[in-house]
Amino acid sequence: MDWMIFVKRENVRKSEEKLRSDFNLAAKQAITVRDAKSLEIDKDGSFFLITGTDEGVAKCKELIKEFVENIDEKYFDTAKKKLQEEVDKAAEGFGGLF
């Protein structure tokens with residue numbers, strides 16, 4: 001399961017700490033955090049992409065629900081596209097090692 005959210009800059013560190021504090025479940029999920037500006041999105045904060053089990057993602061939602069900001073869906077679409085481009089570039093580079 002994947003879950004993408006936006007968190008304002010002042011709450012990014014708090015959100016990351018909350019997720020890391022739950023060693024039993026939340027910290028075991030794949031959590032990608034990218035500053036909006038690095039994704040060429042004019043927002044002041046970061047996108048979190050959390051990938052994991054249904055139970056794990058649900059725990060993450062519970063832990064940081066107070067920090068989640070509602071923004072236009074177009075920003076999420078752009079962020080997902082940019083993150084996928086990063087993954088694809090990394091895979092191309094990794095493939096060149098063999």
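Observations, loosely collected:
- E55-E92 FRET efficiency (beta carbon distance; Förster radius 35 Å; 0.05 resolution): 0.60
- Full extension of the chain segment joining A30 with L83 gains 17.7 nm, where the gain is 0.36 nm per residue of separation less the Cα-Cα distance.
- Label selected from [x] 14.0, 47; [y] 14.0, 45; [z] 14.1, 42, the criterion being Rg and Dmax of the Cα atoms in Å as computed here: [y]
- Among the listed pairs K61/K89; K59/K89; K28/K74; K14/K59, those with a Cα-Cα distance over 27 Å are K61/K89; K59/K89; K28/K74.
- Gain in span if fully extended, E17 to D44, counting 0.36 nm per residue against the direct Cα distance: 7.8 nm
- Computed from point charges on the beta carbon alone (+1 for Lys and Arg, -1 for Asp and Glu), the dipole magnitude for the chain about its Cα centre is near 240 Debye.
Read-outs: derived from the displayed coordinates by stated rules, not from any lab. Given the structure is predicted, the values throughout are model-derived calculations rather than measurements. In this analysis, Cβ positions are derived from the backbone assuming ideal geometry, glycine residues included, and neighbour counts consider all displayed protein chains.
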